[in-house]
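Below is one structure, written out as structure tokens; comments come after it.
Computed from the coordinates by the stated procedures, all read-outs in this text should not be read as laboratory data. Because the structure is a prediction, the values reported are computed rather than measured. Cβ: placed from backbone, ideal geometry, glycine included. Neighbour counts: every protein chain shown.
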Amino acid sequence: MVNSTNEFLVEYNTLDENSRYKITGFSGSAGDALITPETIYLFVDGRYHIQADQEVDHSEVTVVKLQQGQSYIDEIIQRVPKDEILGIFSKKISQRNIELLNRKLNIRLLEYDPLDGKISKSDDQNIELDIKFTGLSAEEKINKISQNLKEYESLYITDLDEVSYLFNMRNFSQNFSAKIKAKAVIFKDSYVLFTDEKLQELENYLRNLKGTVFIDKSSISGFDYRLLGSHATEMKINPVKQMKAQKTTAEIEHLKDAFARSDKALSTVRDFILKKRKVSEREIAKKLEKEFKNNGALGLSFNSIVAKDSNSALAHYSKASKDEIIQNGSLVLIDCGAYFEGGLATDMTRVFVKGEPSQLQKRIYTLVLKAFLHAYNYAQVYNDKPITGFDIDKKIRDFFHGFNLDGFVFNHGLGHGIGINVHEYPPNLGTGDIAKVPLLDGECFSIEPGLYKEGFFGIRLENSCYFKDGNIHSFSNMNYEQKLIDEDLLTQQEKDWLNEFEVK
């Protein structure tokens, strides 16, 4: 088994540290591989079905296209004969996934990945955030955790988002990331933070750590888990994860400002596209990054998606081309976000058409807009019980089933949490069990319904939002496109809902 991540189990790994990319040629952020004597299996979800087909050598790589609700772990298990042994690089997979595989397979944990790239050092560029962006000092956050520990207990934090959050630290030197590379051990009256240089001492430190060490099996690597041995004790609830998810008033206010600047950057690029006679995907991507920086961004929160026409059918198309020229009649989808000085990600998606749209473009755009409006107003309509992301996602899938979609499909989750990473959990709006927990005040997430058809185009409309006082509120205020809306497809209720947003 070859993973896409590095030893910190990050989602957005650089390609030079991504062993899965090196053996398959697939550059997407998610998806692992299985090397067998016959072929290399590449497991990708609906966001990457088309991209994987385009990037791999099909004589060597078999693309396994996961559908909603399918687990890549289950699919791997099906492809390993019961009398065979599955090798796993223990530094690049969570203990949780090791245990899931070990239920059905004979596994062998390997400490060394021969395709490993050298992880860059960045300790000297770590910065501490002003409390005006966080609302709580690092000492206050750590105390909320440590006060519940006994003298013989400690908490080992391995998730980079959680360490960055708890210590109010960021690093903007890496592409598409603001987190620091560090792990930490919290005691009742002290803590140890392992950043770049100290990480070299971590292995011996963990071997000698005594007492009860609480860990999160979903974020600790199998390698670290074995170093702790019998001292490792799984937490029922990760207190840092939940605290991080419920943003403080200061964090919400920072995100409002960050999204206002993100809206301004994308609005400028919208005008650039509509006014310029001919412009390429790559030119738009460069203009977008420039406008983010003009509005104070310290970096992008992910590689911007600028996708023209059939490229927009790839939910995570990420190779903006100088040869793809936007002309009259062209549709362009832009999914973008950035980090500002508060170190929280923004994320938004809009679709434009240069010149006059086709009737099909208008129909699909309007159906996606209707879906967004129903998801956004879900709490107002169904306010008789706690709201979960699972409920909202199901409502939108049922909504789409009520229409003739002309072969277009909705093949990804409705939304994801947003924080230090552009994807965080909790919350989640999707079909899995992780989405079945109630939304809580201060949680921030995207709502991004989409419809895609290979060879045609894709429409996705994404607003990042927050939950407060039983309602969903939008951070994003970027306008919708009047010429792409078929008013005849909107009910009066939907028109009233749309009045909250700018349309031009």
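Hey, what did the chain get for relative contact order, percent, Cα under 8 Å, at least 6 apart?
So the answer I get is 13 percent.
Any idea what diffusion coefficient the range 123-245 gets from Stokes-Einstein, in µm²/s, Kirkwood Rh on alpha carbon pairs, 4 °C, 1.567 mPa s?
Estimated via Stokes-Einstein, D reaches 87 µm²/s.
I want the antiparallel fraction of DSSP beta bridges within the range 15-110, as a percent rounded to 5.
Close to 30 percent.
Taking neighbour Cβ counts within 10 Å as the exposure measure, how do LYS241, LYS264 sort from fewest upward?
LYS264, LYS241
Averaging the inverse of every distinct alpha carbon separation and then flipping it gives the Kirkwood radius. What is it for the range 196-265, in angstrom units?
This gives a value of 15.2 Å.
To one decimal place, what orientation-averaged projected area in nm² is obtained for the convex hull of the Cα set of the range 352-504?
That works out to 9.4 nm².
Restricting to bridges with both residues inside the range 123-245, how much of the DSSP beta-bridge set is antiparallel, in percent to the nearest 5?
Counting DSSP beta bridges with both partners in the range 123-245, the antiparallel share is about 60 percent.
If you add up the charges near GLY299, with Lys and Arg at +1 and Asp and Glu at -1, over every other residue whose beta carbon is less than 12 angstrom from its beta carbon, what do you get?
Result for the neighbourhood of GLY299: +1.
With only alpha-carbon atoms in the gyration tensor, what are the semi-axes of the equivalent ellipsoid for the range 249-498, in Å, largest first?
Working from the Cα gyration tensor, I get semi-axes of 27, 23, 15 Å.
Return one number: the angle in degrees, 0 to 90 and rounded to the nearest 10, between the long axis of the Cα atoms of helix 249-275 and the longest principal axis of the Cα atoms of the chain.
40
State the answer as a single residue: which of LEU109, ILE186, GLY135 lies farthest towards the positive end of the charge dipole of the chain, with beta carbon charges of +1 for Lys and Arg and -1 for Asp and Glu, about the Cα centre.
It is GLY135, whose Cα lies furthest towards the positive end.
Out of every Cα pair in the range 290-331, what percent are spaced more than 14 Å from each other?
57
Order these peptides, 414-423, 391-400, by their mean beta-carbon neighbour count within 10 angstrom, highest first.
414-423, 391-400
What full-extension length gain, to one decimal in nm, is calculated for ASP130 and VAL192 as 0.36 nm per residue of separation minus the Cα-Cα distance?
20.2 nm
Sequence neighbours fewer than 8 away in the same chain don't count; with that in mind, list the aspartates and glutamates whose C-alpha is under 19 Å from LYS290.
Those aspartates and glutamates meeting the cut-off are ASP257, ASP263, ASP271, GLU281, ASP335, GLU341, ASP347.
Starting at the first residue of the range 222-234, write each ³J(HN,Hα) from the Karplus equation 6.51 cos²θ - 1.76 cosθ + 1.60 with θ = phi - 60°, in whole Hz, x for Gly and Pro.
Coupling constants for the range 222-234: x, 5, 5, 4, 6, 4, 6, x, 6, 6, 5, 10, 6 Hz.
Just need the relative contact order of the range 249-498 here, percent rounded to a whole number, with Cα pairs under 8 Å and 6+ apart.
This gives 22 percent for the range 249-498.
May I ask you to work out the translational diffusion coefficient for the range 169-317 at 20 °C, viscosity 1.002 mPa s, via Stokes-Einstein with Rh from the Kirkwood sum over Cα pairs, reported in whole µm²/s?
110
Per q in 0.12, 0.13, 0.21 1/Å, what log10 I(q)/I(0) does a Debye calculation on the alpha-carbon atoms of the range 15-110 return?
These q points yield log10 I(q)/I(0) values of -0.37, -0.44, -1.17.
Dipole size in debye (nearest 20) for the range 249-498 around its Cα centre, Lys and Arg Cβ +1, Asp and Glu Cβ -1?
The calculated dipole for the range 249-498 is roughly 960 debye.
State, in angstrom, two size descriptors of the range 78-169 derived from its alpha carbons: Rg to one decimal place and Dmax to the nearest whole number.
19.4, 58
Over the alpha-carbon set of the range 245-369, work out the extent along each principal axis and list the three values in angstrom, largest first.
44, 30, 23
So if R0 is 22 Å, what FRET efficiency would GLU75 and LEU15 give, r being the distance between their Cβ atoms, rounded to the nearest 0.05?
It comes to 0.40.
Which of the listed residues, VAL44, ASN97, ILE73, is farthest toward the dipole's positive end in the range 15-110, when Lys, Arg count +1 and Asp, Glu count -1 at the beta-carbon?
About the Cα centre, the residue reaching furthest to the positive side is ASN97.
Compare the Cα positions of THR195, ALA297, ASN328 along the charge dipole of the range 189-333 (+1 at Cβ of Lys, Arg; -1 at Cβ of Asp, Glu; about the Cα centre) and return the one farthest towards the positive end.
ASN328
Want the number for LYS65 to GLU203: 0.36 nm per residue separation, take away the alpha-carbon distance, what's left?
45.9 nm
Cross-link partners among lysines for LYS82, C-alpha distance below 25 Å, same-chain residues fewer than 8 apart left out?
Once the sequence-local lysines are set aside, what remains near LYS82 is LYS65, LYS91, LYS92, LYS104.
Treat each spin label as a single point 7 Å out from the Cα along the C-beta direction, and report the ASP116 to LYS385 distance in nm.
Reported label-point gap for ASP116 and LYS385 is 4.9 nm.
Restricting the count to DSSP beta bridges whose residues both fall in the chain, what percent are antiparallel, rounded to a multiple of 5?
Roughly 75 percent of the beta bridges in the chain run antiparallel, per DSSP.
How big is the gap, in Å, between the Cα center of the range 437-504 and the Cα center of the range 227-268?
The distance from the Cα centre of the range 437-504 to that of the range 227-268 comes to 22 Å.
Sorting check: for 218-225, 453-460, which peptide has the highest mean count of neighbouring beta carbons within 10 Å, and how do the rest follow?
The most tightly packed comes first, giving 218-225, 453-460.
With charges set only on the Cβ (+1 for Lys and Arg, -1 for Asp and Glu), what does the dipole of the chain come to about its Cα centre, in debye to the nearest 20?
Magnitude of the dipole: close to 460 debye.
Using per-residue counts of other Cβ atoms within 10 Å, averaged over each peptide, order 430-442, 282-294 from highest down.
The densest-packed peptide leads the list: 282-294, 430-442.
Modelled label-to-label distance, ASN328 and GLU502, 7 Å Cα→beta-carbon offset: nm?
That separation, rounded to one decimal, is 2.8 nm.
Which length gain, in nm to one decimal place, applies between LEU440 and LYS293 when the Cα-Cα distance is subtracted from 0.36 nm times their residue separation?
Computed gain between LEU440 and LYS293 is 49.7 nm.
Return the aspartates and glutamates within reach of LYS495: Cα separation strictly under 12 angstrom, same-chain partners fewer than 8 residues apart disregarded; answer none if there are no such residues.
ASP486, GLU487
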